[in-house]
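Everything below concerns the one structure shown next.
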Amino acid sequence: MRNITLSQAVNEALAEEMRRDPTTFIIGEDVAEAGTPFKVLSGLVEEFGTDRVIDTPIAEPGFMGMAVGAAMTGARPIVDLMFGDFIFLIMDQLCNQAAKIHYMSGGKLNVPLVVRTNMGATRRSAAQHSQSLQALVAHIPGLKVAMPSSAYEAKGLMKTAIRDNNPVVIFEDKLMYQDKAPVQEEEYLIPFGEANVKREGKDISLIATSSMVQVAEKAAEILSKEGIEAEVIDPRTIVPLDEKTLIESVKKTSRAIVIDEGHQSYGVTSEIASRLNEKAFYHLDAPVLRMGAMDVPVPFSPALEDITVPTPEGVAENARKLCSGELIHAA
Amino acid sequence: MAKAKTNTEDYLRMYRQMVRIRTFEDNANQLYLSAKMPGLTHMYSGEEAVAVGICEALTDDDRITSTHRGHGHCVAKGAEFKEMFCELLGKEEGYCRGKGGSMHIADQSHGNLGANAIVGGSMGIATGSALRSKMLGHDDVTVCFFGDGATAQGLLYEVMNMAALWNLPVIYACENNGYSEYTKTEEIAAGSITARAEAFGIEAFKIDGQDVLAVNELTQKLVARCRKGEGPFFIELETYRYHGHHVGDINREYYRSKDEEKDWKENRDPIIRFRGWLVEQGIASEEEIEAMNAEIEKDATEAVAYAEAAKYPDVSEVDMHVYAD
Ligand SMILES: Cc1ncc(C[n+]2csc(CCOP(=O)(O)OP(=O)(O)O)c2C)c(N)n1
Ligand SMILES: [Mg+2]
């Protein structure tokens, strides 16, 4: 099988779906000739033209709202939001409009659109270009949220997102665009709500999203040298969430750490941890730990930024404590 | 600083400030190219007459809001090289203790409320600052810098409406450098830019942003009128950025020709033009100007060396300043 970058994988998914369905189009800033600042969309405008790869002014609420309208009336827009941080600008159109229209119309209207955007710190981009805001979106009923952890997932999840009849937000980790992974030539889709067990283990479950899957895998390697076998699970979509796979894993291992790059408080890690507590409590030998980004705006200085996100060493250290029964209650 | 710029000293300071901005940017670009700077940064080179012409008409009490392309505004408003380079390198002695970096430099002591990485993100802030000035009976004026691309943001129209309704002392300064990222302005802005402000009854001006004296003269008038309660105003300044959108945007011929860049650099450069005028008017000799340039270059070199050697903030600072005491 060939290896392609996450960026190429997204590009292929978009091209395939746009060939398949003439009602799809891409709309966003510098998506056409420039192919976005990360060059993810390069080549698409050459194939599909500027009618279907539409460069907009810097007017996020405007083009997001237009995507909602187009989706309600028969098109399948793919909104390109240059940085995940700009979600705050489109919140009304996304959360008050797109998310609720199907419900409010008693199921009569659909809003089949995709917002593809990104997340992730440690790029020295400071507080307004480094956030991981998936929890904010996941909080709103009516929105689905996908978090690809490699090129393979990025392609399969994007194709599913485009065919889904709901608004879907996909967060790509901007540090992973050049990461390669095996991706088959033949067409495939990855269904939403199916977690992927990346590595099997019996001692502790490491449940991780997006780039944190790599962090968890590295931690698992460190741990296996010490005789601790960690199971690494990637939920792939956080809405819908494959609770069943997560709970089964925890029933087997009886310990878990949940890792996500969003802020730790009120975040994705909190939600998953409390579901495990509610549904697997009597199987647990230790409290489920959350590891998210520190609850601070992302600092610019490399000396500070690097300590705000979970690392393999940090995950391994916490896993060791959980497995040795060390009391790690904060208070 | 707000006195009429009719004497030699004022002219020379305007020249000096423009050269300081250019020199700062050349050094910042060099830091990027030699991989010493974390992240990316947006160069102000080419647009110096805009920031200097405007800020030389302001006092330290007057406020500005700046943009992602903010080093020029920061220098023009009175900032020091040392603290700026420290900030660009994420060092503790930077204006924001390394927490902000290039896109968030703020300099409270000179009334710079900060650069902003959200395009259009400071329009509310600038207008709110003007609201406070009027409400508390102060006489300071706020200048809101933003690019042509930022005119696409709806926020501008919400706040211009209120500023006009309530006669707020704010000047909207649109730096039209012909591009927003990799897209030409005419592809993203329908109709006239100044007409957008005029629709709210705001007096709007379109001027040559490469002519520091023209910019300064107009701004002085508008600032004086703002202080008398006649604001708000809108200025569109035609200018040009010499570098790419950011320092990493090097192969850019697919959206902007080399000939166009050459034309602006050779025929409309604000520093060359003003230097010629200073010499012609007998305000400074070539030798004096060269000496000034050399001194600024030396300042910058020293500040860079200082910043490179300066220390990073202690890791214990990471959760300081999330909340105010
Ligand atoms: C809300 C928002 N959308 C998009 C961006 C990405 N972006 C950064 S600068 C820029 C172009 C800004 O153009 P302009 O306002 O003309 O300023 P210039 O860079 O030309 O000085 C864009 C699209 C952003 N930072 N914020
Ligand atoms: Mg511009």
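Work out the FRET efficiency for residue B:158 and residue B:298 from their Cβ-Cβ distance, taking R0 = 56 Å, and round it to the nearest 0.05.
Between residue B:158 and residue B:298 the formula returns 0.75.
What GluC sites (Glu not before Pro) does segment B:190-248 have in DSSP loop regions with at most 14 other beta carbons within 10 Å?
Sites meeting the loop and neighbour criteria: B:230.
Using modelled backbone amide H atoms (1.01 Å from N, in-plane), which distant-in-sequence or interchain residues come within less than 5 Å of residue A:139's amide H?
none
Excluding ligands, DNA and RNA, what is the solvent-accessible area per residue of segment A:196-324 at a probe of 1.4 Å, expressed in Å²?
For segment A:196-324, the per-residue accessible area is 40 Å².
For the protein assembly as shown, what does the helix formula give at 222 nm: sum of -39500 (n - 2.57) over DSSP H segments with n ≥ 4, over the residue count, nearest 500 deg cm²/dmol?
It comes out at -12000 deg cm²/dmol, rounded to the nearest 500.
Put simply, what bits of segment A:123-144 lose 50 Å² or more of accessible area when the other protein chains are there, versus the chain on its own (1.4 Å probe)?
Buried by the other chains: A:128.
Using the beta-carbon distance between residue B:257 and residue A:108 and R0 = 51 Å, what value does 1/(1 + (r/R0)^6) give for FRET efficiency, to the nearest 0.05?
Using R0 = 51 Å, I get an efficiency of 0.50.
Taking only the C-alpha atoms, wrap a convex hull around chain A and report its volume per residue in Å³ as a whole number.
Looking at chain A, the number lands at 136 Å³ per residue.
Roll a 1.4 Å probe over the protein heavy atoms and report the accessible area of residue A:125 in Å², nearest 10.
The value for residue A:125 is about 10 Å².
Amide H of residue A:24 versus every other amide H placed in the peptide plane: which residues, excluding those fewer than 5 positions away on the same chain, fall under 5 Å?
Correct list: A:76.
Could you state the number of Å between the C-alpha centres of segment B:167-186 and segment A:47-107?
Here the answer is 25 Å between Cα centres.
Taking the Cα-to-Cβ direction at residue B:214 and at residue B:12 and moving 7 Å from each Cα, how far apart do the two end points lie in nm?
2.7
Whole angstrom only: what separates the Cα centroid of segment B:1-68 from the Cα centroid of segment A:216-290?
What the calculation gives is 51 Å, centre to centre.
Please list log₁₀ I(q)/I(0) at q = 0.06, 0.09, 0.12 Å⁻¹ for the protein assembly as shown, using the Debye equation with identical point scatterers on the alpha-carbon positions.
Log10 of I(q)/I(0), two decimals: -0.37, -0.81, -1.28.
Provide the per residue accessible area, probe 1.4 Å, for chain B, rounded to a whole number of square angstrom.
Details: 13180 Å² over 325 residues.
Roughly 41 Å² per residue, with all protein chains present.
Need the per-residue list for segment A:271-316: every residue with at least 50 Å² less accessible surface in the complex of protein chains than in the chain by itself, probe 1.4 Å, sorted by number.
Those residues are A:300, A:304.
Going 7 Å from the Cα of residue B:242 in the Cα-to-Cβ direction, what parts of segment B:28-62 have a backbone nitrogen less than 17 Å from that spot?
B:28-33, B:41-53
Provide a list, ordered by number, of residues in segment B:14-55 showing at least 20 Å² less accessible area with every protein chain present than when their chain is taken on its own, using a 1.4 Å probe.
Those residues are B:38, B:39.
Averaged per residue, what accessible area in Å² does segment A:2-183 show with a 1.4 Å probe, protein chains only?
Details: 6010 Å² over 182 residues.
For segment A:2-183, the solvent-accessible area averages 33 Å² per residue.
Within segment B:210-245, name every residue whose backbone N is under 16 Å away from a label modeled 7 Å from Cα of residue B:198 along the Cβ vector.
Residues B:233-237 fall inside that zone.
Taking a probe of 1.4 Å and counting only protein heavy atoms, give the total accessible area buried between chains B and A in Å², rounded to the nearest 100.
About 2400 Å² of accessible surface is lost on pairing.
Which distance in nm do the two modelled labels at residue B:250 and residue A:2 give, with both placed 7 Å along the Cα-to-Cβ direction?
Simple spin-label model gives 2.8 nm for this pair.
Using a 1.4 Å probe on the protein heavy atoms, what percent of the accessible area of segment A:16-163 belongs to carbon and sulfur? Kindly include the intermediate steps, with their values, before the conclusion.
Numbers: 2850 of 4980 Å².
Ligands and nucleic acids excluded, carbon and sulfur give 57 percent.
Heavy atoms only, 1.4 Å probe, whole protein assembly: order B:135, A:82 by accessible area, highest first.
Of B:135, A:82, the descending order of accessible area is B:135, A:82.
Once ligands and nucleic acids are excluded and a 1.4 Å probe is used, how much of residue B:138 is accessible, expressed in Å² to the nearest 10?
Roll a 1.4 Å probe over it and residue B:138 shows about 90 Å².
In whole Å, largest first, what are the principal axis extents of the Cα atoms in chain B?
Principal-axis extents of the Cα atoms in chain B, largest first: 56, 51, 44 Å.
How much of the accessible area of segment A:196-324, probe 1.4 Å, is carbon plus sulfur, in whole percent?
50
Using only the alpha carbons of segment B:78-128, what is the convex hull's orientation-averaged projected area in square nanometres?
3.5
Could you list which residues have their amide H under 5 Å from that of residue A:196, counting only those 5 or more apart in sequence or on another chain, with H placed in the peptide plane?
A:234, A:236
Within chain B, what whole-number % of the accessible surface is contributed by carbon and sulfur, with the 1.4 Å probe and all protein chains included in the calculation?
With neighbouring chains kept in place, the figure for chain B is 51 percent.
Specify the longest stretch of chain B that does not include any exposed loop site, a site being one of the chymotrypsin sites (Phe, Trp or Tyr not before Pro) with a non-H, G, I, E, B DSSP assignment and at most 15 other Cβ atoms within 10 Å.
Looking at chain B, B:1-165 is the longest stretch - no exposed chymotrypsin sites (Phe, Trp or Tyr not before Pro) with at most 15 other Cβ atoms within 10 Å.
Which value results when the Cα radius of gyration for segment A:196-324 is divided by 2.2 N^0.38 Å?
0.99
Return the Cα extents of segment A:2-183 along principal axes one, two and three, sorted largest first, each rounded to a whole Å.
Extents along the principal axes, in whole Å: 45, 36, 30.
The values are calculated or read from the model by the stated rules, or taken from the named source; none is laboratory data. What you are looking at is a predicted structure, and each value in this text was computed from that prediction instead of being measured. We place every Cβ from the backbone using ideal geometry, glycine too, and count neighbours over all the protein chains shown. Remember, those area values only see protein heavy atoms, side chains included, never the ligands or the DNA or RNA. Shrake-Rupley method; radii C 1.70, N 1.55, O 1.52, S 1.80 Å.
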